[in-house]
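Below: one structure, written as structure tokens.
The values are calculated or read from the model by the stated rules, or taken from the named source; none is laboratory data. The structure displayed is predicted, hence computed values, not measured ones. Note that we place each Cβ from the backbone using ideal geometry, even for glycine, and neighbour counts take in every protein chain shown. Please note that ligands, DNA and RNA were not included when accessible areas were found on the heavy atoms of the full protein model with its side chains. Shrake-Rupley method; radii C 1.70, N 1.55, O 1.52, S 1.80 Å.
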Amino acid sequence: MKKKIVVIGGGIGGLSAGIYALKAGYDAVIYEKNPVTGGECMGWNRKGCHIDNCIHWLTGTAADTPLRQLWETLGAIDENTRYAKTDRFYTTRSGGKEATLWKDLDRTEKELLEAAPEDEAEIRKFIQYVRYSEACTVPVDKPMDMMSIGDYIKLGKSMANMPKVMKEYGKIDLRQLAERFRSPLMRKIIANYMPPEYMAYSLLVSYATMTSGNGEIPVGGSLAMTERITARFREMGGELHTSAPVKKIIAENGTAKGIELASGEKITADYVISAVDMSLLYGRFLDRSYTPKDWAAAYDRYKDYPVMSGFQTAFITDDSFSGEGTVFFDCEPIKIGTRSCDMMSVKNYSYEKSFAPEGKTVIQTNIAQYDADFIYWKSLSKEEYKAKKQEYAGEIAKRLIKEFPGLDGKLELLDCWTPLTYERYCGAYHGAYMAFITKPGVKKLSCSGTVRGLKNVYIAGQWIMSPGGLPVAAASGKFAVQRILKKEKRPTDI
Ligand SMILES: Cc1cc2nc3c(=O)[nH]c(=O)nc-3n(C[C@H](O)[C@H](O)[C@H](O)COP(=O)(O)OP(=O)(O)OC[C@H]3O[C@@H](n4cnc5c(N)ncnc54)[C@H](O)[C@@H]3O)c2cc1C
């Protein structure tokens, strides 16, 4: 009889765990609390439009890479996948000037030099190091702790240029990198796309993913990709239970025996893979005492271990909207949650015709929110929360119209959502989009993929490896199954 693996959570990490469990010859059963799978890799419909929650870029779309192979195994993409026609990472407008980080690096270099000739040396260096960063890959063959010396040498060779990037940009954050530039526009380009607390190299690596053609957006967006992965799991014989929240992991004598659902039903299993937010594993499914010390400390010190979330709005407008791709622009200061900001962004989804009726387009804004903002939203009553969301959405609309006067009278709010939405919908710690932000000088957390003191529980999900995101979530499911195979002394190449 086949052994049975129960997976908690049907996000990308959980679906990946399910698919790799089947591939390795186990029975796999996924329990997902929501009516649909996908977790944060999600999209939803409003007023005849589609709102995409996730994929701004999918790392791993370039052919012949291990990550691409992983996505193909999951059914996320294949050789017939079509990608959105986008030519840029983002555009920044400030002080009457504008510059774009194009997919074409030569074009970017030329335009940045024209926009900020006083920063020629820094711009040329930035461009050169983005080229170096194109070599950066997410290791997805096996967990780092299962890698041999030979594997490390191979990985090192494939990322030969990354040490240069880390030497130059590996110890500073984006705010510090921005300060190396004299032009106010360049400073804003550097410091505004990601949280300024992020390590500087994150921006280079993310941009390099685009310039190297390894970060496309599959047509149909996040929901369509989740549906393809879910279909793959089912086709392979996986059993999926949606609207089936898990209450806890059943443990006896230091060994997991299965799970208990919120309905009270008990499910036995040989192995349990937790693919939910780490804070749920250690606060809800298991007693808090199982929490590794460094993780417990990180939850207590959110200033050192911040997470990023956002206040987002989606509007429908007509397709004469002039903003292309993602545009950052100066705006009248706006305080959302506890933070004031004087720059905001709008993303035009016109590249995805299926998201809006003909002649229309969906545009979305995102104002970064952090832990203190989450606490602010949490402190509101239900009525206050609703009212604040509407008030802020109105303020956002005013700023959009000021920057793009053609929008006047043509904006209809589709939806607005907050860090609490991600907590409610996915159980995300403080509404986090990704794992903890790694700050310079703060110890990076690692995850062993197992629970100390409890056998037969394995961990998947984006929190297992910094910085999180879809590639890490996808790899994490495979890693969890490889750990089980290793324990059973079976070959781990799957
Ligand atoms: C706005 C936004 C934009 C993003 N953009 C990108 C991008 O462009 N590129 C990129 O790589 N990444 C992006 N990400 C990050 C990416 O979405 C996540 O890294 C990834 O989806 C996380 O997957 P996961 O499986 O680890 O976790 P989750 O998606 O959180 O999945 C966990 C699942 O567990 C379920 N669950 C929770 N509690 C229970 C319970 N009690 N019982 C059963 N199930 C439970 C949840 O409902 C959820 O389905 C973005 C995220 C956000 C929010």
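Given a 1.4 Å probe and heavy atoms of the protein chains only, how would you sort Glu412, Glu109, largest accessible area at the top?
Largest accessible area first, the residues go Glu412, Glu109.
Give the lysines whose C-alpha is closer than 16 Å to that of Lys388, dropping any in the same chain fewer than 8 places away, or say none.
Filter leaves Lys335, Lys378, Lys398.
Is any residue of the stretch 182-196 close enough, with backbone N under 16 Å, to a label point placed 7 angstrom from the Cα of Glu120 along the Cα-Cβ axis, and if so, which?
Answer for this model: 182-183.
Between Lys171 and Asp145, what length in nm is gained on full extension when 0.36 nm per residue of separation is reduced by their alpha carbon distance?
Full extension from Lys171 to Asp145 adds 6.9 nm.
Could you calculate the FRET efficiency of Ser158 with Arg46 from 1/(1 + (r/R0)^6), where r is the beta carbon distance between them and R0 is 41 Å, rounded to 0.05?
After rounding, the FRET efficiency stands at 0.45.
Considering lysine pairs in the stretch 88-216 that are 8 or more places apart or on different chains, how many have Cα atoms under 21 Å apart?
Within the stretch 88-216, the lysine pair count is 16.
If one takes the longest principal axis of the Cα atoms in the chain, at what angle in degrees, from 0 to 90 and to the nearest 10, does the Cα axis of helix 12-23 lie?
Once rounded, one gets 40 degrees.
Given a 1.4 angstrom probe, I'd like the percentage of the accessible area of the chain that is carbon and sulfur, rounded to a whole number.
Carbon plus sulfur share of accessible area: 51 percent.
Sort the following peptides by mean Cβ neighbour count (other Cβ atoms within 10 Å, averaged over residues), highest first: 136-143, 299-306, 245-252.
Descending mean neighbour count gives 136-143, 245-252, 299-306.
List the aspartates and glutamates whose Cα lies under 13 Å from the Cα of Lys410, skipping any in the same chain that are fewer than 8 positions away.
Here the aspartates and glutamates satisfying the reach criterion relative to Lys410 are Asp318, Asp319.
For the stretch 88-216, just the Cα atoms, rotate onto the principal axes and tell me the three extents in Å, largest first.
Here the spans come out as 53, 26, 23 Å, largest first.
What per residue convex hull volume, in Å³, do the alpha-carbon atoms of the chain yield?
Cα convex hull per residue, to the nearest whole number: 149 Å³.
What FRET efficiency would be calculated for the residue pair Asp300, Lys386, taking the C-beta separation as r and a Förster radius of 41 Å, to the nearest 0.05?
Working from the Cβ atoms, E equals 0.85.
Can you compute the helix-only [θ] at 222 nm over the chain? Use -39500 (n - 2.57) per DSSP H run of at least 4 residues, normalise by all residues, nearest 500 deg cm²/dmol.
-10500 deg cm²/dmol
Provide the solvent-accessible area of Asp493, counting protein heavy atoms only and rolling a 1.4 Å probe, rounded to the nearest 10 Å².
So the heavy atoms of Asp493 present about 130 Å² to solvent.
Kindly express, to the nearest 10 degrees and within the range 0 to 90, the angle between helix 382-403's C-alpha long axis and the longest C-alpha principal axis of the chain.
40
Within 10 Å of each candidate Cβ there may be at most 15 other Cβ atoms; applying that plus a DSSP loop requirement, which GluC sites (Glu not before Pro) in the stretch 5-96 survive?
Glu79
Between Glu252 and Arg107, what's the calculated FRET efficiency when r is the beta-carbon distance and R0 is 51 Å? Round to 0.05.
Once the sixth-power term is evaluated, E becomes 0.25.
Defining a contact as two alpha carbons under 8 Å apart and six or more residues distant in sequence, what relative contact order in percent does the chain show?
Here the relative contact order equals 22 percent.
Determine the dipole magnitude for the stretch 88-216: charges of +1 sit on the beta-carbon of Lys and Arg, -1 on that of Asp and Glu, nothing else is charged, the reference point is the Cα centre, and the result goes in debye to the nearest 20.
120
May I ask for the net charge around Met162, where only other residues with Cβ less than 13 Å from the Cβ of Met162 are counted and Lys, Arg are +1 while Asp, Glu are -1?
So the environment of Met162 carries a net charge of +2.
Straight distance only, please: which lysines reach the Cα of Lys257 with their own Cα at less than 17 Å, same-chain residues fewer than 8 apart left out?
By straight Cα distance, Lys257 reaches Lys2, Lys3, Lys4, Lys247, Lys248, Lys266, Lys455, Lys487.
Over the stretch 143-209, with a single point scatterer placed on each C-alpha, what log10 of the ratio I(q)/I(0) does the Debye formula yield at q = 0.12, 0.15, 0.25 1/Å?
-0.41, -0.57, -1.04
Mind grabbing the accessible area of Ser212 for me, 1.4 Å probe, Å², rounded to tens?
Here the residue's solvent-accessible area equals roughly 50 Å².
Just the number please: accessible area per residue for the chain, 1.4 Å probe, all protein chains included, in Å².
For the chain, the solvent-accessible area averages 43 Å² per residue.
Loop-only check: which chymotrypsin sites (Phe, Trp or Tyr not before Pro) in the stretch 161-198 are DSSP coil with at most 15 other Cβ within 10 angstrom?
none
Using unit Cβ charges (K, R positive; D, E negative) and no other charged atoms, how large, in debye to the nearest 20, is the dipole of the chain about its Cα centre?
Taking the Cα centre of the chain as origin, the dipole is about 1500 debye.
Between Ser243 and Ser289, what length comes free when the chain is fully extended (0.36 nm per residue of separation minus the Cα-Cα distance, one decimal in nm)?
13.7 nm
Using just the Cα positions, wrap the stretch 309-431 in a convex hull and report its mean projected area in square nanometres, one decimal place.
Hull-based average projected area comes out at 7.5 nm².
So which trypsin sites (Lys or Arg not before Pro) in the stretch 1-77 pass both tests, a DSSP loop state and at most 15 other Cβ atoms within 10 Å of the Cβ?
Listed in order of number, the matching sites are Lys2, Lys3, Lys47.
Say the dipole of the chain comes from +1 at the beta carbon of Lys and Arg and -1 at that of Asp and Glu; which of Ile189, Ser466, Met343 then lies farthest toward its positive end?
About the Cα centre, the residue reaching furthest to the positive side is Ser466.
Accessible area of Ile77, 1.4 Å probe, to the nearest 10 Å²?
Here the residue's solvent-accessible area equals roughly 10 Å².
For the chain, find the longest principal axis of its Cα atoms and tell me its angle to the long axis of helix 105-115, 0 to 90°, nearest 10.
The angle comes out at about 40 degrees.
With the cut-off at 30 Å, tell me which of the pairs Lys439/Lys478; Lys85/Lys382; Lys47/Lys85 have Cα atoms farther apart than that.
Going by Cα-Cα distance, Lys85/Lys382 fall outside the 30 Å limit.
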